[in-house]
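Heads up, the thing below is written out as structure tokens.
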Amino acid sequence: MTGKSVKPLNYIVVKNDKGRILTKKIVKFVGGLGNQMFQYAFAYALSEKLNTEVKLDLSWFEEVKTHQNVTARPFDLNVFNIDYEVAIKEELAEIIRTVKRSKVQRFLHNVFKIKKYRPIGTCFVEMVMGEFNKKLLSSLDYFYYDGYFQNEKYFKDAREELLKAFSLNLPVDEQNQGVLDEILKTDSVSLHVRRGDYVTLECAKDFHGTCSIEYYQKAIEYIAKKVKAPHFFLFSDDIPWVAENLKLEYPCTIVDFNQDKSWMDLELMKNCKHNITANSSFSWWGAWLNQNPQKIVVAPRQWTAKKVKKCGIIPPEWIKL
């Protein structure tokens with residue numbers, strides 16, 4: 001991150017295989033807008049907690065264009081008021097080389113814990129989605145971070161700074177402004193339906209799954225019991241499915257014109273007074289950025305099709321259905 005005074009961690013003497021001292025930390029970025037926001041929030045918190053420079057590895061966005069079974073995404077965070085610095089190839093190679101050890105070295109480290117073979121300059125690879133690893137914000141052992149970091153405990157202390165960082169640096173166009181005006185003057189409730197590659201991509205379908213119509217019906221009724229005159233604003237990457245399958249008995253508006261401007265949907269969602277999320281990092285951020293102190297947020301109890309132990313992605317004050 002940039003834009004602030006940073007003290008170099010020159011007291012950490014960690015060298016790569018060419019004898020150069022490593023001090024920079026790098027966070028890998030992958031996925032769509034919601035995932036990128038989680039990774040940026042983690043990188044920001046890491047920079048603040050360790051008082052050091054953190055750079056972004058954006059190489060995935062080029063590499064994914066040639067991959068099968070992975071949905072290609074653009075890097076979208078430039079629409080926000082954020083500061084960042086991108087790691088260059090030489091910096092990535094410098095850090096990644098340090099984690100390569102022979103089988104003998106790995107054996108000696110794992111069995112005898114010999115310090116000589118301690119994996120200095122290691123990569124941290126997240127193994128459990130949504131799990132909070134407290135030591136990441138205090139440990140100086142890692143120099144490369146590969147994960148989604150979908151847990152607000154990483155960055156909750158920086159909420160005010162992130163609210164500013166994730167504000168748009170683009171004007172709201174006339175069509176979206178009309179919807180925003182309606183959102184601000186009603187008891188507005190955002191409702192997000194995530195389908196897309198959760199339906200079309202087999203591996204994503206097997207792991208993530210989609211929220212059922214029954215979930216949305218229960219969420220709508222829960223909100224209707226708590227909010228006097230709810231007006232639902234529907235957002236989705238599959239608008240035809242929403243129009244066909246979600247029949248509401250309450251005032252509703254389907255927002256169907258931001259397919260190539262997802263950040264505009266996010267801007268509208270976060271300004272709603274209440275939120276119903278999908279099992280989606282995108283609508284998670286729409287709810288988390290909502291600054292209404294009396295907001296009600298409903299989220300699916302089971303975030304993925306396959307149960308993930310220790311998944312702490314849903315904040316404790318949100319309603320799980």
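The values are calculated or read from the model by the stated rules, or taken from the named source; none is laboratory data. Here the structure is a predicted model, which is why all the values come from computation and not from measurement. Positions of Cβ are generated from backbone atoms using ideal geometry, with glycine treated the same way; all protein chains shown enter the neighbour counts.
Hey, does the stretch 160-179 have a residue that's in contact (Cβ under 8 Å) with a residue 24 or more places away in the chain, more than 25 Å from the chain's Cα centre (by Cα) and crowded, with 18+ Cβ neighbours inside 10 Å? Yes; the residues of the stretch 160-179 include at least one that is in contact (Cβ under 8 Å) with a residue 24 or more places away in the chain, more than 25 Å from the chain's Cα centre (by Cα) and crowded, with 18+ Cβ neighbours inside 10 Å. Restricting TYR250, TYR222 to residues that are more than 15 Å from ALA278 (Cβ to Cβ), assigned by TED's automatic domain parsing to the domain that holds ILE276, assigned to a loop (DSSP other than H, G, I, E, B) and of a type in the set (Ser, Thr, Tyr) narrows the list to TYR250. Working only within the stretch 57-73, note down all residues that are without any contact (Cβ under 8 Å) to a residue 60 or more places away in the chain and either small (Gly, Ala, Ser) or in contact with a Cys (Cβ under 7 Å, 6 or more places away or on another chain) (or both). Result: SER59, ALA72.
In the stretch 193-202 there is no residue matching the filter, namely being free of Cβ contacts under 8 Å to residues at least 24 places away in the same chain and farther than 20 Å from SER280 by Cβ.
Residues are listed down the side, and each one gets a yes or a no for (1) in the same structural domain as PRO293 (by TED's automatic domain parsing); (2) touching a helix residue (DSSP H, G or I) at 6+ places or on another chain (Cβ under 7 Å); (3) not aliphatic (A, V, I, L, M):
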residue	(1), (2), (3)
PHE143	no, yes, yes
GLY147	no, no, yes
LEU162	no, yes, no
GLY178	yes, no, yes
THR186	yes, no, yes
VAL193	yes, yes, no
CYS203	yes, no, yes
GLU214	yes, no, yes
ASN245	yes, yes, yes
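Quick one: in the stretch 180-200, of everything that is of a type in the set (Asp, Glu) and assigned to a helix (DSSP H, G or I), which residue is surrounded by the most Cβ atoms within 10 Å (Cβ to Cβ)? Looking at residues that are of a type in the set (Asp, Glu) and assigned to a helix (DSSP H, G or I), I get ASP197.
Regarding the stretch 230-238, can at least one residue be identified that is surrounded by fewer than 18 Cβ atoms within 10 Å (Cβ to Cβ) and either on the phi > 0 side of the Ramachandran plot or under 26 Å from the mean Cα position of the chain (by Cα) (or both)?
yes
Considering (1) touching a Gly at 6+ places or on another chain (Cβ under 6 Å); (2) over 17 Å from PHE80 (Cβ atoms); (3) at pLDDT 95 or above, the lone condition that VAL298 does not fulfil carries the number (1).
When you check THR71 against the structure, is it within 23 Å of LEU266 (Cβ to Cβ), at pLDDT below 95, of a type in the set (S, T, N, Q) and surrounded by 14 or more Cβ atoms within 10 Å (Cβ to Cβ), yes or no? For THR71, the condition - within 23 Å of LEU266 (Cβ to Cβ), at pLDDT below 95, of a type in the set (S, T, N, Q) and surrounded by 14 or more Cβ atoms within 10 Å (Cβ to Cβ) - is met.
Looking across the stretch 280-314 at every residue that is touching a strand residue (DSSP E or B) at 6+ places or on another chain (Cβ under 8 Å) and part of a loop (DSSP other than H, G, I, E, B), the one that is surrounded by the fewest Cβ atoms within 10 Å (Cβ to Cβ) is identified as ARG301. For the stretch 48-91, a residue qualifies if it is assigned to a loop (DSSP other than H, G, I, E, B), of a type in the set (S, T, N, Q) and out of contact with any Asp or Glu (no Cβ under 7 Å at 6 or more places or on another chain), and the qualifying residues are ASN51, THR52, SER59, GLN68, ASN69, ASN81. Residues in the stretch 195-209 that are within 18 Å of the chain's Cα centre (by Cα) and either among the hydroxyl-bearing types (Ser, Thr, Tyr) or within 13 Å of TRP241 (Cα to Cα) (or both): ARG195, GLY196, TYR198.
Listed by first and then second residue, the pairs with beta-carbon distance under 9 Å, at least 6 apart or on different chains, first residue in the stretch 237-259 and in contact (Cβ under 8 Å) with a residue 24 or more places away in the chain and aliphatic (A, V, I, L, M), second buried (at least 16 other Cβ atoms within 10 Å of the Cβ) and assigned to a loop (DSSP other than H, G, I, E, B), are VAL242/ARG195.
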